[in-house]
Amino acid sequence: MAEDKKKVILDEIEDTVRTIGVLTSGGDAPGMNAAIRAVVRVALSKGLKVRGIRRGFHGLLREEIIDLSARDVSDTIQRGGTILQTARCQEMRTEEGQQKAAAICKKYGIDGLIVIGGDGSFAGAQKLANLGVRTVGIPGTIDLDIACTDYTIGFDTAVNTAMEAIDKIRDTSTSHERCSIIEVMGRDAGYLALWCGIANGAERILMPEEHDYNEEELIKDILLNKKRGKKNYIIINAEGIGDSLNMAKRIEEATGIETRASIIGHMQRGGSPTCKDRVYASTMGAMAVELLCDGKTNRVIGYRGGKFVDYDINEALSMKKEISAYQYEIAKTLAL
C-alpha cells in the first residue's frame, strides 16, 4: 500500500512542470522580447524556474542555456529583436539532432519548452514533443504566414515601419513626378505587400501569390495614369517577386518616366514594437506558461476571431493560408 502511494506521488511529480525553457528561432520579430518577458515573469510567479536558450535550436544543441530572473527581462518590452538572439539550425532537421536536443533538455531539467518562431520552429517543437519534451509554440514572424492564426508577433510593427517609409518615398516621388517601386519583405507570402498597398494607396501590388503579373500591362497602366494627370505611381513589390532595380530600369526605358527602386529591407525587422505587438505577445507568452502548467503539450497558440486559442501542432502545420482575395480586389479598386 505504501509502495502504491509512493508511485502515485512520483507520477504526479513527473507530470508537474518545474522548469520552463524558452527560445526564439528563425527570423527575429519586434515583440519577441515582450513574449520572453511574459514567460519569465508568469512562470516565476508560479514558483517555476526559467531557463533561456540562446540562438534558438542551434544554441540548444550547443548547450547555450542560462537561468533567467525577473530582473533579467527588465527594460526589454520596448526593445526590438530578441534578447535571447536567434539562428537557423539545419541539424535540428535530422533525427540525430532532435534526439540530442531532447537529451539536453532532460540534462538541464527542462520539462516544458516554449518556442517562439514560425512554421519551421514549430516543426522542431513537434519533433521534441514526440520525444517526450512538453512544447508550446508562439507565432513570431513579420510575414504573417502562419495558417492557424490571424496575428503573428512582429507583423504589426513591420507593416507600420514599411508604411511610414513608403509615405516618405511617395512625398519625393510626387515632387519629381516619378514612378517608385518599393520592395518590402515577404519571400513566400505577400501580406506585408498587400497591407502596405492598401494603407499607402499604391497603384499596384506585386506578391508571390499573384500569378497574373504582366509587365506590359503594368507599363500601359503607368502611361494611362500619367495621361490622367497623376503625379506619381507607387508599386509595392514583395521580396518574393524581387528584381526591383532591373524592373525600374525597364519601366523607365519603356515609359520615359523617371523610375526609382527602394528596397526597405531588414529595417522592417527592427525597431520598438507597437502597442499591439507588446500586448498580444505578452498575452501569448503568459498563455504558453498556463498551457504547460495545465499539462498540455505539442500546442501552438493562435489568435482567431478575436480570441486567443491553441491548436495541436500537427493540425496547425497541416493548415494552409491564402491571401485574402477580397482585400486584394479592394486594393485594385481603390487604386483607380
Charged-residue dipole, Cβ positions (Lys, Arg, Asp, Glu), the chain about Cα centre, Debye nearest 20: 860 debye
Above-threshold pairs, the threshold being 19 Å between Cα atoms, out of LYS276/LYS320; LYS168/LYS231; LYS220/LYS332; LYS276/LYS332; LYS168/LYS332: LYS276/LYS320; LYS276/LYS332; LYS168/LYS332
Normalised contact order of the chain, rounded percent, pairs of Cα under 8 Å and 6 or more residues apart: 23 percent
Listed residues MET267, MET207, MET287 arranged by accessible area, highest first, probe 1.4 Å: MET267, MET287, MET207
Max mean-square fluctuation residue, GNM over the chain, Cα-Cα springs under 10 Å, options ILE138, ILE166, ILE264: ILE264
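Starting from the Cα gyration tensor of the range 180-228, take the square roots of the eigenvalues, sort them a ≥ b ≥ c, and report rounded, prolate or oblate (rounded when a/c is under 1.5, otherwise prolate if a/b is larger than b/c, else oblate).
On the way: a/c = 2.66, a/b = 1.55, b/c = 1.71.
Because a/c hits 1.5 or more and a/b fails to exceed b/c, the range 180-228 counts as oblate.
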Probe 1.4 Å, protein heavy atoms only - accessible area per residue of the chain in square angstrom: 47 Å²
Cα gyration tensor shape of the range 268-331, rounded if a/c is under 1.5, else prolate or oblate by comparing a/b with b/c: oblate
Calculated from backbone phi, Karplus (6.51, -1.76, 1.60) coupling profile of the range 290-297 in Hz, x at Gly/Pro: 4, 4, 5, 5, 7, x, 7, 8
Degrees separating the helix 95-107 axis from the principal Cα axis of the chain, which is the longest one: 50 degrees
The range 5-140, relative contact order [Cα under 8 Å, separation at least 6], %: 30 percent
Mean Cβ neighbour count within 10 Å, used as a protection proxy, ranking 249-262, 114-127 highest first: 114-127, 249-262
Under Karplus coefficients 6.51, -1.76 and 1.60, residue-wise ³J(HN,Hα) of the range 236-244 in Hz, glycine/proline x: 9, 10, 6, 3, x, 7, x, 6, 4
3J(HN,Hα) from dihedral phi, the range 79-90, Karplus parametrisation 6.51/-1.76/1.60, rounded to Hz, x for glycine, proline: 8, x, x, 9, 5, 8, 6, 8, 7, 9, 9, 5
Area of SER318 that stays accessible when all protein chains are in place (1.4 Å probe, Å², to 10): 80 Å²
Cut-off under 5 Å, modelled amide H: who pairs with TYR303 long-range: ASP150, TYR151, VAL309
Reach of LYS100 by Cα under 27 Å, taken over lysines that are not fewer than 8 positions away in the same chain: LYS49, LYS127, LYS296
HIS266, HIS176, reordered so the largest accessible area comes first (probe 1.4 Å): HIS266, HIS176
Angle between the chain longest axis and helix 2-15 axis [Cα atoms, degrees, rounded to 10]: 20 degrees
Rounded to the nearest 10 Å², the accessible area of ARG134 at probe 1.4 Å: 40 Å²
Mean ellipticity per residue at 222 nm, deg cm²/dmol - from DSSP H runs of n ≥ 4 across the chain, formula -39500 (n - 2.57): -14000 deg cm²/dmol
Highest-MSF residue in the chain out of PRO273, PRO208, PRO139 [GNM, Cα springs under 10 Å]: PRO208
Rel. contact order, % - alpha carbon contacts under 8 angstrom, at least six apart, the range 202-336: 22 percent
Apportionment of accessible area to carbon and sulfur, the chain, percent (1.4 Å): 49 percent
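The values are calculated or read from the model by the stated rules, or taken from the named source; none is laboratory data. Bear in mind the structure is a predicted one, so any value in this text is a computation, not a measurement. Backbone-built Cβ (ideal geometry, glycine too); neighbour counts: all protein chains shown. Surface areas here come from the heavy atoms of the whole protein model, side chains and all, with no ligands, DNA or RNA. Shrake-Rupley method; radii C 1.70, N 1.55, O 1.52, S 1.80 Å.
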